[in-house]
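Notes follow the structure.
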Amino acid sequence: RSSQELLILGGFVETWLAKEGHDGLIGINCLEKIQLFTPGTLYGAMLAGVDVVLMGAGVPRAIPHLLDTLAAHGNVQFSIDVADAGDVDYALDFEPRDLVDSGGEPLSRPVFLAIVSAHVLATYLARDPEIRPDGFIVEASSAGGHNAPSRQQLLDERGDLVFGPRDEPDLQKIAKAGLPYWIAGGSGTPEMLTAAREAGARGIQVGTVFALCSDSGLDPDIRAQLLEGVARDDLVVHTDPRASPTGFPFKVVDVSGTMSDAVNYESRERLCDLGYLRTPFAKVDGSIGFRCAGEPVHMYLRKGGLEDETVGRKCLCNGLAAAVGMGQQRPSGYQEVPIVTLGSDLQGPRRMIAVHPGGWTAVEAIEWILS
Ligand SMILES: Cc1cc2nc3c(=O)[nH]c(=O)nc-3n(C[C@H](O)[C@H](O)[C@H](O)COP(=O)(O)O)c2cc1C
């Protein structure tokens with residue numbers, strides 16, 4: 001119960017703070033794969049009036065019904081994928097009225113946008129009203145953060161995943177689903193916004209230009225290094241097929257002093273203490289355990305995981321926390337080392353740094369994109 005209360009509180013506070021001081025729309029983004037946190041976080045966000053829910057990294061078929069039910073403060077039986085469970089189905093019981101006294105008034109039901117890369121997924125979700133989102137974010141393979149798996153699984157000489165033309169979204173087919181869509185991945189320039197609209201999209205979703213702006217939470221020293229790399233035009237962004245314990249490819253920027261450096265990776269003793277990306281698994285006695293391919297290998301194997309799964313995995317939880325200046329220090333003195341992610345299309349940041357050599361704000365980025 002206390003963990004559900006904390007999730008509600010977290011979703012509420014994040015949304016409340018994001019909505020302060022303006023009357024624009026606020027969205028919340030969750031990974032589909034991280035299911036146990038979903039009902040509590042989204043209910044909290046809805047109590048604070050979140051306008052949009054965005055979800056990718058999986059097939060978010062349960063979310064439209066979840067949002068409808070939570071808006072009416074209804075009880076939810078939310079299906080949870082459990083590894084090694086055979087035919088047994090597991091679900092999380094979430095009963096909002098038992099957790100929060102939020103009055104009887106229905107909440108406003110946020111718009112739900114599914115993040116997709118393949119038109120097949122868009123078509124599948126759009127076909128059935130029970131699982132149909134209100135629109136799509138269509139993400140190209142250059143986007144920062146996690147990416148959809150590539151079709152051909154081809155690696156270059158550095159071990160980076162190579163995306164081919166068949167990995168890029170087919171916008172015409174996605175448009176046929178008949179739902180509004182926004183294009184993401186290297187779209188953060190005025191010309192790309194115009195092109196997206198002309199192609200029938202409602203707009204764009206931009207990450208990299210904002211991650212680099214002075215308002216983002218990125219550690220200022222890391223940001224300074226990144227901006228120097230952008231200005232010199234020698235910043236390298238890899239698509240690492242192994243780094244993320246989720247199994248999805250993940251964009252990692254080469255920055256000295258971070259986890260992109262093999263020496264830093266090798267010298268970190270594996271440890272899983274934040275656990276946001278853990279996968280539930282069924283133990284022999286039917287109870288549930290949790291494992292992460294980034295945890296110490298012997299523990300992962302003891303929990304029924306396969307050794308192959310652990311190779312090259314990085315602790316994204318600690319690494320991304322360190323990238324926003326919240327890295328943990330261990331009793332041994334070891335300081336968690338950042339992992340930095342950006343999109344691989346740096347056109348927008350290159351043009352911004354030419355005009356703003358000292359860096360730019362989020363407002364300046366928005367004004368430029370809309371110019
Ligand atoms: C630092 C950073 C973190 C991101 N984290 C997430 C995330 O947690 N979930 C998600 O769906 N997308 C995430 N993204 C992707 C963005 O939502 C967006 O789709 C993408 O950045 C657009 O492409 P661009 O990077 O070329 O601007 C992230 C992007 C960046 C740069």
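The values are calculated or read from the model by the stated rules, or taken from the named source; none is laboratory data. The shown structure was predicted, so the numbers you read here are calculated from the model rather than taken from an experiment. Cβ: placed from backbone, ideal geometry, glycine included. Neighbour counts: every protein chain shown. Remember, those area values only see protein heavy atoms, side chains included, never the ligands or the DNA or RNA. Shrake-Rupley method; radii C 1.70, N 1.55, O 1.52, S 1.80 Å.
Quick notes on this one:
- Surrounding net charge for Ala122, when Lys and Arg each add one and Asp and Glu each subtract one, Cβ distance under 12 Å: +2
- Cα shape, the chain, gyration tensor, a/c 1.5 rule: rounded
- Simple spin-label estimate for Val236 and Gln77 in nanometres, 7 Å along Cα-Cβ: 5.3 nm
- With every protein chain in place, the chain: carbon and sulfur % of accessible area (1.4 Å): 54 percent
- Cβ-based net charge around Ile204, under 13 Å, with every Lys or Arg adding one and every Asp or Glu removing one: -2
- Principal axis extents of the Cα atoms in the stretch 105-248, from largest to smallest and rounded to whole angstrom, are 47, 40, 34.
- The chain, accessible area per residue, ligands and nucleic acids excluded (1.4 Å, Å²): 50 Å²
- Three-way shape call for the stretch 81-131 based on the alpha-carbon gyration tensor, with the a/c threshold at 1.5: oblate
- Each residue of the stretch 6-16 is assigned a 3J(HN,Hα), and the resulting list reads 5, 5, 4, 4, x, x, 5, 5, 4, 5, 4 Hz, derived from the Karplus form 6.51 cos²θ - 1.76 cosθ + 1.60 (θ = phi - 60°), x at Gly and Pro.
- Relative contact order [Cα under 8 Å, 6+ residues apart], the chain, whole percent: 14 percent
- Placing R0 at 35 angstrom, the Cβ-Cβ distance between His65 and Gln153 gives a FRET efficiency of 0.55 after rounding to 0.05.
- Close amide H contacts of Ile183 (hydrogens built in the peptide plane, cut-off under 5 Å, sequence separation of 5 or more or a different chain): Val138, Gly203, Ile204, Gln205.
- Considering only the chain, percent of DSSP beta bridges that pair antiparallel, nearest 5: 45 percent
- If you take the Cα centroid of the stretch 183-245 and the Cα centroid of the stretch 49-117, the two points sit 30 Å apart.
- Backbone N under 18 Å from the Glu130 label point (7 Å along Cα→Cβ), restricted to the stretch 34-61: 59-61
- The amide H of Ile26, built 1.01 Å from its N in the peptide plane, has Asp51, Val52 as neighbours under 5 Å, considering only residues 5 or more places off or on other chains.
- Residue-averaged [θ]222 nm for the chain, counting only DSSP H segments that reach four residues, each worth -39500 (n - 2.57): -9000 deg cm²/dmol
- With a threshold of 28 Å on the Cα-Cα distance, the over-threshold entries among Lys283/Lys314; Lys33/Lys303; Lys19/Lys176; Lys19/Lys314; Lys33/Lys314; Lys173/Lys314 are Lys19/Lys176; Lys19/Lys314; Lys173/Lys314.
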